[in-house]
1. Could you list, in sequence order, the residues of segment 16-59 that are more than 13 Å from the chain's Cα centre (by Cα) and under 19 Å from Phe89 (Cα atoms)?
2. For the subset of segment 62-79 comprising residues that are surrounded by 15 or more Cβ atoms within 10 Å (Cβ to Cβ) and either of a type outside the set (A, V, I, L, M) or at pLDDT 90 or above (or both), which member is farthest from Glu19 (Cα to Cα)?
3. Kindly provide the set of residues from segment 80-112 that are modelled with pLDDT of 85 or more and either within 19 Å of the chain's Cα centre (by Cα) or on the phi > 0 side of the Ramachandran plot (or both), ordered by number.
4. If I ask for residues that are in contact (Cβ under 8 Å) with a residue 40 or more places away in the chain and either within 12 Å of Leu26 (Cβ to Cβ) or in contact with a helix residue (DSSP H, G or I) (Cβ under 9 Å, 6 or more places away or on another chain) (or both), which ones from segment 37-70 would you list?
5. Output the number of the condition that Leu48 fails; it satisfies all remaining conditions of (1) within 18 Å of Lys64 (Cα to Cα); (2) crowded, with 16+ Cβ neighbours inside 10 Å.
6. Residue pairs, Cβ under 6 Å, 6 or more apart or interchain, first in segment 2-17 and closer than 30 Å to Thr81 by Cβ, second surrounded by 10 or more Cβ atoms within 10 Å (Cβ to Cβ) and at pLDDT 70 or above. List them.
7. Can you find a residue in segment 6-24 that is in a loop (DSSP other than H, G, I, E, B) and more than 21 Å from Ser72 (Cβ to Cβ)?
8. Which one is modelled with the highest pLDDT, of the residues in segment 1-50 that are under 22 Å from Ala62 (Cα atoms) and of a type in the set (Asp, Glu)?
Amino acid sequence: MLASKYNVKIIYCHKYHCELNAIEGLWCNQTAFVRSRTDQSFDKMIKLIADSRIHFVERNIALKLFRRFWRSIEAYSQGQTYADVLKLFFSKLCKTSVQSHRRISNKNISEA
């Protein structure tokens with residue numbers, strides 16, 4: 001195998017596992033950025049998507065996501081549970097109530 005030839009360890013991650021897949025963090029960051037700034041018009045959404053990419057790079061969010069990945073791997077290797085790992089990152093952000101996110105209505109899409 002090519003990885004063993006170069007002494008590289010391959011770690012397979014579960015799909016959609018928020019702390020193990022950096023792409024999930026990217027989607028989360030971008031959707032939060034867009035939702036917090038949108039007026040629900042198509043043109044504004046397109047601009048905000050581009051702005052969210054710039055925001056992601058400027059704030060070094062990728063680095064934070066990779067740190068989260070390695071801290072999660074370390075916690076799992078020490079025998080911690082999924083709930084324990086989530087508490088490492090999200091305990092300060094957890095709320096007892098859940099708010100529904102805003103949605104794009106068909107009315108706003110057809111106006112574009």
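The values are calculated or read from the model by the stated rules, or taken from the named source; none is laboratory data. Bear in mind that the values here come from a model prediction, so they are computed numbers and not experimental data. Ideal geometry is used to build each Cβ from the backbone, glycine not excepted, and the neighbour counts take in all protein chains shown.
1. Arg59
2. So, considering only residues that are surrounded by 15 or more Cβ atoms within 10 Å (Cβ to Cβ) and either of a type outside the set (A, V, I, L, M) or at pLDDT 90 or above (or both), the one farthest from Glu19 (Cα to Cα) is Tyr76.
3. none
4. Within segment 37-70, Thr38, Gln40, Ser41, Phe42, Met45, Ala62, Leu65, Phe66, Arg68, Phe69 qualify.
5. That leaves (1) as the condition not met.
6. Note: pairs meeting the criteria are Cys13/Leu20; Cys13/Asn21.
7. yes
8. Glu24
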